[in-house]
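S.K.: Handing you a structure now.
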Amino acid sequence: MILDMLTVGPFQENCYVVGDEGSGVGALIDPGDEAARISMAVEQTGLDISKIILTHAHIDHVGVVVELVNEYSCPVLAHEESVPMLGALPTQAVMMGIKFGEIPKIDTFIEDEEVVEIGGGLRLRSLYTPGHSPGHLAFYVESEGVVLAGDALFAGSVGRVDLPGGDGPTLLRSIEERLLTLPDDTIVHPGHGPETTVGRERETNPFLQGGVL
Ligand SMILES: [Zn+2]
Ligand SMILES: [Zn+2]
């Protein structure tokens, strides 16, 4: 598996370039900002980008989707509950004092427990993990022991729940039932900050020690 991370934009969002080495086919996960840097990283991998996949529709994760759709002529995949969130992007932009161009369109909806294939060799299994945002998905690559966790779970923290559609108990349930049930040595690649493991977060994350959000 090819897995490159780029931290982009004012919110220091982690965009991931993933790919299947055998076929040279790849995908972008959460291209939030800095389209030129993302396409340069893609060029270095030599991957042919076939999909743009969204963990959720917050502005810091989708800011350059339209630009990159134009570049790669590929479909955008996300959960259906992300649609109303995309509609609210101009409002999000005003609230955060940033500019936002065209609203991206989702071409294919991903349900819970769906397998998204990239090339022939890379399989991302979707894990429905709402709470930080409606329709939030994490993506588990079982063969590699890797989960792309979006903004559900971070190293030593969890996603904020004070944005529209956020809910603390829902987020904790998502993390406990869908992420902490993965093997302890699973590497967690979050939407912000450094990577961690499921085991480390279970043991040390202060938000997961029976606390409330
Ligand atoms: Zn978010
Ligand atoms: Zn984010």
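S.K.: Cut-off is 10 Å between beta-carbons; in what order do 99, 51, 105 appear when sorted fewest neighbours first? Let's see the in-between values first.
M.R.: Details: 99 9, 51 21, 105 12.
The fewest-first ordering by Cβ neighbours comes to 99, 105, 51.
S.K.: Taking 8 Å as the Cα distance limit and 6 or more residues as the minimum spacing, I'd like the relative contact order of the range 1-87 as a percentage. Could the numbers behind the result be given before it?
M.R.: Numbers: 165 pairs, mean separation 21.4, N = 87.
So the answer I get is 25 percent.
S.K.: Can you compute the charge dipole magnitude of the range 2-208 about its Cα centre, using +1 on each Lys and Arg Cβ and -1 on each Asp and Glu Cβ, nothing else charged? Give it in debye, rounded to the nearest 20. Intermediate values should be presented prior to the final figure.
M.R.: Values: 11 positive and 33 negative charges, 81 e Å.
Roughly 380 debye, rounded to the nearest 20.
S.K.: Then there's this: Any idea how far apart residue 1 and residue 115 come out in nm if each label point goes 7 Å out from Cα toward Cβ?
M.R.: 1.4
S.K.: Rounded to the nearest Å, what's the spacing between the alpha carbon centres of the range 169-211 and the range 94-165? Just the number, please.
M.R.: 15
S.K.: Suppose a student asked you for the relative contact order of the chain, using Cα pairs under 8 Å spaced at least 6 residues apart; what percent would you report? Walk me through the numbers on the way to the answer.
M.R.: On the way: 486 pairs, mean separation 33.6, N = 213.
Once normalised by length, the contact order is 16 percent.
S.K.: Which of 162, 20 comes first, and how do the rest follow, when ranked by fewest Cβ neighbours within 10 Å?
M.R.: Numbers: 162 9, 20 21.
With the fewest neighbours first, 162, 20 line up as 162, 20.
S.K.: In deg cm²/dmol, rounded to 500, what helix-only [θ] at 222 nm does the chain give when every DSSP H run of at least 4 residues adds -39500 (n - 2.57) and the total is split over its residues?
M.R.: Details: 7 runs with 51 residues, N = 213.
Calculated mean residue ellipticity at 222 nm is -6000 deg cm²/dmol.
S.K.: Run the quick spin-label model on residue 108 and residue 185: label points 7 Å from Cα toward the beta carbon, then report their separation in nm to one decimal.
M.R.: 3.2
Laboratory data are not the source of any read-out in this text; all were calculated from the coordinates shown. All values reported here derive from a predicted model rather than from experimental measurement. Heads up, the Cβs are rebuilt from the backbone with ideal geometry, glycines too, and the neighbour counts pull from every protein chain shown.
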